[in-house]
Ligand SMILES: [Zn+2]
Ligand SMILES: [Zn+2]
C-alpha cells in the first residue's frame, strides 16, 4: 500500500459550502487525498476508500460554520452603507 502518484490525476476540487463526501468524493488514507473516483478502492495504492466522514457531527458542524461565514460576508455591504450614511 504505497502512493504511486496516480491519485493526483483524480484529485478532487474543493467546493466551498459543500461536504466532500456529500458530493461523492472519496478519501484515500494512504495517499491523503480526496478523489473523484467511482470504485471503492484507490486507483493509486489499492487501499479501500473512505466514502463517509469519520464523524457525522464533524460534517454538520462544518456546514454550520460555512453558513455563519456567509452571513458575515453578507453583512459587509450593509456596514459600508451605514458608514456612508454617517459621513
Ligand atoms: Zn496516491
Ligand atoms: Zn491511495
(request) Could you list all residues from the range 13-42 that are within 13 Å of ligand 2 (Cβ to nearest atom), surrounded by fewer than 18 Cβ atoms within 10 Å (Cβ to Cβ) and assigned to a loop (DSSP other than H, G, I, E, B)? (result) 29, 30, 32, 39, 40
(request) Please name all residue pairs, on different chains or six or more residues apart, with Cβ atoms under 6 Å, provided the first residue is in the range 15-27 and is outside the structural domain of residue 46 (by TED's automatic domain parsing) and the second residue is assigned to a loop (DSSP other than H, G, I, E, B). (result) none
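The values are calculated or read from the model by the stated rules, or taken from the named source; none is laboratory data. In this text, all values refer to a predicted model and were calculated from it rather than measured experimentally. Cβ atoms come from the backbone with ideal geometry, glycine included; neighbour counts cover every protein chain shown.
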